[in-house]
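Just below is one structure, and these are the notes that go with it.
The values are calculated or read from the model by the stated rules, or taken from the named source; none is laboratory data. Keep in mind it's a predicted model, so treat the numbers as computed, not measured. Virtual Cβ from ideal backbone geometry, glycine too; neighbours counted across all protein chains shown. With ligands, DNA and RNA removed, areas are computed over all heavy atoms of the protein, side chains included. Shrake-Rupley method; radii C 1.70, N 1.55, O 1.52, S 1.80 Å.
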Amino acid sequence: MAAPTVSLEPNPYYPKLFEPLTINGLTLPNRIIMGSMHTGLEDRAWDTDKLAEYYATRARGGVGLIITGGYATSRTGQLVTLGGKMTNRLDVARHRTITRAVHEGGGRIAMQLIHAGRYGYNPFKVAAGSEPSPIHPFKHLKMTNQIIWHVIRSFGQSAKLAEKAGYDAIELMGGEGYLINQFLCPHTNDRTDKWGGNAENRQRFLVEVIKEVRKQVSPGFPIILRQSVADFVKKGQTWDEIALMARKAQEHGVDAINTDIGWHEAGVPTIVTSVPRAAFVKFTERLRDEVSIPLIASNRINTPEVAEDILERGRVDAVSMARPLLADPEFADKAREGRADEINTCIGCNQACLDHAFVGKKVSCLLNPRAGRETTLKLGATRLARHVAVIGAGPAGLAAAVSAAQRGHRVELFEAGESVGGQFSIAARIPGKEEFNETLRYFTRQLEITNVIVHLGKRVTAEEILDGSASAADGDAAKFTDVVIATGVVPRIPDIPGIDHPMVMSYAEAVLGHREIGKRVAVIGAGGIGFDVSEFLTTDESPTLNLKEWEQEWGVSEDLSVPGFVTKPRPLPATRQVYMVQRKPGGQGKTLGKTTGWVHRATVKMKGVEQISGATYDLIDDEGLHLTLHDKEGNETGKRVLEVDNIVVCAGQESVRDLVDPLTVAGVTTHVIGGADLASELDAKRAIRQGTEVAASLP
């Protein structure tokens, strides 16, 4: 793809998005900012080449400015022990590899400077106040005046080194509950000296950091501030305090403000797929009346159409997208060239990005498993085109078919159903997961572009594969050299007396609307599917909330004088009484995603779902679901009958593998992926990764 160049001609598709933007001495070719996201490649020197290629790939894809994951300015501020930092000449030398790769790709890159404060996962951490971290176990030292000045100077020194390393700008991380935000916010700043108390004192630390950084870097070198404009924590900042800090930032030399929403411990979801698109842009737009420097909006902006609409209103100057550039590094070029329908749109699932980051794994993307693996998972052109049959058009099969065809192989895709998508099609009907339809749109378009031959409504047999009669070709050309089995799963039916009762249905039947559902429902199983189905059953048939309803459900306050903008949530009433039952004792939902599980647990709680654990399923009859209950030690505590109209079974899945043995015995090169390979909890991340890896492994 062409490297981004500054053009004065209006883009015919997204004129505002592709206007140049100048931040101090730096001119960007467009207004797409790749927001900061820690990938795990920042922390070890041997990952430098991988990180350089990761950023260079996005630079070649046309993004206006890349902002790195956070680099600590001192040992006390590292995100993890021995984590990424910018403190000496060795760091400078290493980072020249990154900046050189980005510049050669035609891009521009800023380093984010961070001090983790109490959020640091290291034993040397220091913080503004005495409030302990709820997300990391290490205790911190409350900063003395001497330590405070040391950290201030460290920001200036790191900024100076970043400029020497070839970075085009720096960003100061002043949001998400990290150290700068900890000083700004009464939630964590309980100091009584000149660094705490009133707003002026709490803002003093950031003001001094800005002054020190401005003193250490060149006059034309851009300083961007990532400023929290909505803490979403109790005892957070008020709007007057936020506006005052923005004015001070501009006065002391900040060249742009990249707005930040929420803390890691906030009780309001800010980045998951159920958050309405561009839900928080109004907080950024309010700053337009306070400052004249460029403003960058962030959070849940994932399509060029949404970005263009924001910019057209004229109160925001650029948009920040982090995960959308993980999902599709060519996002900018595709939009610029009028190919938005080819964008692999981020669905906000968090499964391979933030869920990985918060447990110390390398970050990637469910939709694009090559993210972070650009040097190892390659999809280069094939040396010899093979004839590949992909059986099953769920996420695994779609990924395999498209990736193999992109490499130049002849691919035919067989799907027993009348449409592609598999389990993803079911997930897209869950309230808050409507974004999953974007993935089906993307794969459908890619099947067209790559000339994959698609056979819908075709339950292919082993004999048809072996003799070539399943193929659209004739003669020898019909024979397949490789078969990818992605036949997926079917719901597992537990062995319960009365399981064939008319009130019982599978989760697929319930969600797809194949059966009418009553007002009282028991859900058997409390894994990810059980939670999804419970949310589906308790939500109106038109589940997409407008922004006002969503804010009401999660307690986002419109009163700008309310600290943190949080109030008591007022959820909409549930449409059904739902019981969610599991065999295991103890709390439900423990295996859900690190950064999304709490949202699902909170949702079913606010919808009044009764959660029953430690249950044995005794019988299903006209009375309902008969249970025997047990405590955590396994002791029986009583009997109960759930008098319900329907029972929805979410008790796991079984792999569909009937084609594996006959094809393998016949000597066909066979690859088994996705649910057909492992049917435990549905895992689209693994399915798409396996599909991509199989395609990459073909000769």
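Within region 211-229, is there a residue that is of a type in the set (Ser, Thr, Tyr) and surrounded by fewer than 19 Cβ atoms within 10 Å (Cβ to Cβ)? Yes, because at least one residue in region 211-229 is of a type in the set (Ser, Thr, Tyr) and surrounded by fewer than 19 Cβ atoms within 10 Å (Cβ to Cβ).
Would you mind stating whether residue 640 is open to solvent by 20 Å² or more (accessible area, probe 1.4 Å), in a strand (DSSP E or B) and without any contact (Cβ under 8 Å) to a residue 60 or more places away in the chain? Yes; evaluated as a whole, the condition is true for this residue.
Name the one entry in 652, 634 that is under 36 Å from the mean Cα position of the chain (by Cα), at positive phi and surrounded by fewer than 20 Cβ atoms within 10 Å (Cβ to Cβ).
Working: 634 fails: under 36 Å from the mean Cα position of the chain (by Cα).
Matching residue, one of 652, 634: 652.
When region 311-323 is limited to residues that are touching a residue at least 12 places away in the same chain (Cβ under 8 Å) and part of a loop (DSSP other than H, G, I, E, B), the one that is least open to solvent (accessible area, probe 1.4 Å) turns out to be 316.
Taking into account only those residues within region 99-124 that are assigned to a loop (DSSP other than H, G, I, E, B) and in contact with a Phe, Trp or Tyr (Cβ under 6 Å, 6 or more places away or on another chain), which is most open to solvent (accessible area, probe 1.4 Å)?
Pass one, region 99-124, residues assigned to a loop (DSSP other than H, G, I, E, B): 105-108, 115-116, 120, 122-124.
Right, trim to in contact with a Phe, Trp or Tyr (Cβ under 6 Å, 6 or more places away or on another chain) and you get 116, 123.
Numbers: 116: 0, 123: 71 Å².
So the residue we want is 123.
Screening residue 485 with (1) surrounded by 23 or more Cβ atoms within 10 Å (Cβ to Cβ); (2) of a type outside the set (Asp, Glu); (3) under 19 Å from residue 666 (Cβ atoms); (4) in contact with a Phe, Trp or Tyr (Cβ under 6 Å, 6 or more places away or on another chain) gives one miss only, at (4).
Output the number of residues of region 286-316 satisfying the condition of being under 24 Å from the mean Cα position of the chain (by Cα) and of a type in the set (Asp, Glu). Don't jump to the end; show me each part of the working.
The first filter runs over region 286-316 and keeps only residues under 24 Å from the mean Cα position of the chain (by Cα), leaving 295-311, 316.
When the remaining residues are screened for being of a type in the set (Asp, Glu), the result is 305, 308-309.
Qualifying residue count, region 286-316: 3.
Among the residues of region 447-458, is there at least one that is open to solvent by less than 20 Å² (accessible area, probe 1.4 Å) and under 34 Å from the mean Cα position of the chain (by Cα)? Checked against the condition, which is being open to solvent by less than 20 Å² (accessible area, probe 1.4 Å) and under 34 Å from the mean Cα position of the chain (by Cα), region 447-458 yields at least one hit.
For region 541-548, the criterion of being modelled with pLDDT of 95 or more and either more than 30 Å from residue 199 (Cα to Cα) or open to solvent by 20 Å² or more (accessible area, probe 1.4 Å) (or both) is satisfied by no residue at all. All conditions but one from (1) open to solvent by 20 Å² or more (accessible area, probe 1.4 Å); (2) closer than 29 Å to residue 58 by Cβ; (3) within 21 Å of the chain's Cα centre (by Cα) apply to residue 380; the one that does not is (3).
The rows are residues; the columns are (1) on the phi > 0 side of the Ramachandran plot; (2) open to solvent by less than 30 Å² (accessible area, probe 1.4 Å); (3) free of Cβ contacts under 8 Å to residues at least 40 places away in the same chain; (4) assigned to a helix (DSSP H, G or I).
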position	(1), (2), (3), (4)
275	no, yes, no, no
278	yes, yes, yes, no
282	no, no, yes, yes
288	no, no, yes, yes
301	no, yes, yes, no
309	no, no, yes, yes
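Per the conditions (1) crowded, with 19+ Cβ neighbours inside 10 Å; (2) out of contact with any helix residue (DSSP H, G or I) (no Cβ under 6 Å at 6 or more places or on another chain), the sole criterion not satisfied by residue 664 is (1). Scanning region 399-424 for residues being under 15 Å from residue 512 (Cα atoms), free of Cβ contacts under 8 Å to residues at least 60 places away in the same chain and open to solvent by 10 Å² or more (accessible area, probe 1.4 Å) gives a total of 4.
If you scan region 586-612, which residues turn out to be of a type in the set (Val, Ile, Thr), crowded, with 16+ Cβ neighbours inside 10 Å, within 23 Å of the chain's Cα centre (by Cα) and not in a helix (DSSP H, G or I)?
Step one: list which residues in region 586-612 are of a type in the set (Val, Ile, Thr), which gives 591, 595-596, 599, 603-604, 609, 612.
In the following step, the residues that additionally are crowded, with 16+ Cβ neighbours inside 10 Å were identified as 595-596, 599, 603-604, 609, 612.
Keeping just the survivors that are within 23 Å of the chain's Cα centre (by Cα) gives 595-596, 599, 603-604.
Those that are of a type in the set (Val, Ile, Thr), crowded, with 16+ Cβ neighbours inside 10 Å, within 23 Å of the chain's Cα centre (by Cα) and not in a helix (DSSP H, G or I): 595, 596.
Residue pairs whose Cβ atoms lie under 9 Å apart, sitting 6 or more positions apart in sequence or on different chains, and linking a residue in region 454-466 that is within 17 Å of residue 400 (Cα to Cα) to a partner that is in a strand (DSSP E or B) and of a type in the set (D, E, K, R), are 454/412; 454/415; 455/412; 455/415; 456/415. Taking region 385-498 as the region of interest, the helices (runs of 4 or more DSSP H) fully inside it that hold 2 or more residues being within 30 Å of residue 600 (Cβ to Cβ) are 395-406, 423-427, 436-449.
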